[in-house]
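The structure appears below as structure tokens.
Each value in this text was obtained by applying a stated rule to the coordinates, not by laboratory testing. If you're wondering where the values come from, they're calculated on a predicted model, not measured in any experiment. No Cβ is skipped: glycine too gets one built from the backbone with ideal geometry, and neighbour counts run over all protein chains shown.
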Amino acid sequence: MNAPDPELLALNTITIKQSTLQQAIDGCARHDIRGITVWRDRLQEMGVPAAASALRANGLTVTGLCRGGMFPAADAAGRKAAHEDNLRAIDEAQAIGAACLILVVGGLPPGSKDLAGAREQVREGIAAMLPHAREAHVPLAIEPLHPMQCADRACINTLGQALDVCDALDPQRTGALGVAVDVYHVWWDPDLDAQIARAGKDRLLAHHLCDWLVPTTDLAFDRGMMGDGIIDLPRIRALVQGAGYAGFSEVEIFSARDWWQREADSVLSMMKERYAACC
């Protein structure tokens, strides 16, 4: 496998959560990182017009906006609020020129045990927002999350499930709907090779990097820097690239006790080093 292309390294801003969006943009410029995925809380803090201007001024490719989704709700009012927020997310993604809007679909509504019903709400929610996304030319990337997060964060847990939704809602494979392949969430899947091949170029919208630590001490906030865990990162990169993906690989690390406690420039330096050595 060839070494990863340094021009295709991107920062997901959650990796340096300790930074503002402007600081993250400046950090990318200092470290010659050409891609960036933006989280909506930081975008809203900075203001969408100011952020769009700064991203353009620094020549950054906006690889995605995190996140839309969170569809399931206990009542119609909750579902309506989620829909309206997702429409806003599409508009924000369009304004900053994001290559896609990442969808973390949400888990079970409070008090519910109806997993099938939650998944149906997800399908309905994506179907409802898809026309606006098409009109705005913002592809939607469904991100399946590890089953340990099924109850509270995402009831779509495999690439196969995500692709079933894509096939149902976008059977012509128009590019409006696809998947994000986050190694943290899919490395364990025995059907991974086949599902990445099934996705193909039309459905592969994002590739996220980090590592799985052993032991993992938190279900959401204990991801490792590439090379510190047990994921075969070059192999997964070979799979997505072999299926036609030619976009950025973005580093997305949730790390409450480690990387979020470090100085941001040191995180960015290590991110570049490990991307070249371990991915």
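I'd like the antiparallel share, as a percent to the nearest 5, of DSSP beta bridges with both residues in the chain.
Numbers: 2 of 31 bridges.
Bridges in the chain are about 5 percent antiparallel.
So, R0 is 41 Å and r is the distance between the beta-carbons of residue 115 and residue 261; what FRET efficiency does that work out to, to 0.05? Mind dumping the intermediate values first?
Numbers: r = 36 Å, r/R0 = 0.87.
FRET efficiency, residue 115 to residue 261: 0.70.
Just the number, please: Stokes-Einstein D of segment 64-213 in µm²/s, Kirkwood Rh from C-alpha pairs, 37 °C, 0.692 mPa s. Walk me through the intermediate numbers first.
Details: Rh = 15.2 Å.
Roughly 216 µm²/s, to the nearest whole number.
Below 8 Å between Cα atoms, with a sequence gap of 6+, how large is the relative contact order for segment 122-229 in percent? Let's see the in-between values first.
Values: 155 pairs, mean separation 25.2, N = 108.
Relative contact order comes out at 23 percent.
Residues with beta-carbon under 13 Å from that of residue 180, excluding residue 180: net charge, scoring Lys, Arg +1 and Asp, Glu -1?
Its environment carries a net charge of -2.
Per residue, how big is the convex hull around the C-alpha atoms of segment 193-279? Give it to me in cubic angstrom, could you?
Hull volume normalised by residue count: 100 Å³.
Under 15 Å from a label point 7 Å along Cα→Cβ of residue 95: give me every residue in segment 26-42 with its amide N that close.
Counting only backbone N, you get 38-42.
Please list, in chain and number order, the residues 5+ apart from residue 10 or on another chain whose amide H is under 5 Å from its amide H, with Hs placed from the backbone.
When sequence neighbours closer than 5 places are left aside, the close amide H contacts are 249, 250, 251.
Could you give the nm distance between label points at residue 32 and residue 148, where each point is 7 Å from its Cα heading toward the beta carbon?
According to this spin-label approximation, the distance is 3.7 nm.
With 10 angstrom as the radius, rank 37, 13 by how many other C-beta atoms surround their C-beta, starting from the fewest.
Ordered by Cβ neighbours within 10 Å, fewest first: 13, 37.
Collect residues whose amide H, placed 1.01 Å from N in the peptide plane, falls under 5 Å from the amide H of residue 181; neighbours closer than 5 in sequence don't count.
205, 206, 207, 208
In whole Å, what are the extents of segment 1-146 along the principal axes defined by its C-alpha atoms, from largest to smallest?
48, 39, 30
Given a Förster distance of 35 Å, report the FRET efficiency between residue 188 and residue 2 from their Cβ-Cβ distance, rounded to the nearest 0.05.
The formula returns an efficiency of 0.85 here.
Please report the relative contact order for segment 6-278, taking Cα pairs under 8 Å with a sequence separation of at least 6, and give it as a percent rounded to a whole number.
RCO, segment 6-278: 19 percent.
Report the label-to-label distance for residue 132 and residue 269 in nanometres (one decimal), using points 7 Å from each Cα along the Cα→Cβ vector.
4.4 nm
Label point 7 Å out from residue 201 along Cα-to-Cβ: which residues of segment 211-253 have amide N under 11 Å?
Taking a point 7 Å out along Cα→Cβ of residue 201, the residues of segment 211-253 whose backbone N falls under 11 Å are 243-246.
Return the distance in nm (one decimal) between the two label points of a simple spin-label model at residue 230 and residue 48, each offset 7 Å from Cα along Cα→Cβ.
Using points 7 Å along Cα→Cβ, the separation is 4.3 nm.
Taking neighbour Cβ counts within 10 Å as the exposure measure, how do 46, 226 sort from fewest upward?
Ascending Cβ contact count within 10 Å gives the list 46, 226.
So what is the 222 nm mean residue ellipticity for the chain from helices alone, if each DSSP H run of at least 4 adds -39500 (n - 2.57) and you divide by all residues, rounding to the nearest 500 deg cm²/dmol? Before the final figure, lay out each step's value.
Numbers: 10 runs with 121 residues, N = 279.
Helix-only estimate at 222 nm: -13500 deg cm²/dmol.
In segment 190-279, which trypsin sites (Lys or Arg not before Pro) fall in coil by DSSP and have 16 or fewer other Cβ atoms within 10 Å?
Those that pass, being in a loop and sparsely packed, are 257, 262.
With 10 angstrom as the radius, rank 254, 248 by how many other C-beta atoms surround their C-beta, starting from the fewest.
Least to most surrounded, the residues fall as 254, 248.
Could you check how many percent of all C-alpha pairs in the chain are farther apart than 22 Å?
Numbers: 21207 of 38781 pairs.
For the chain, the share of Cα pairs beyond 22 Å comes to 55 percent.
For residue 80, list the lysines whose Cα falls under 23 Å from its own Cα; do not include residues on the same chain fewer than 8 positions away.
Hits, sequence-local ones excluded: 113.
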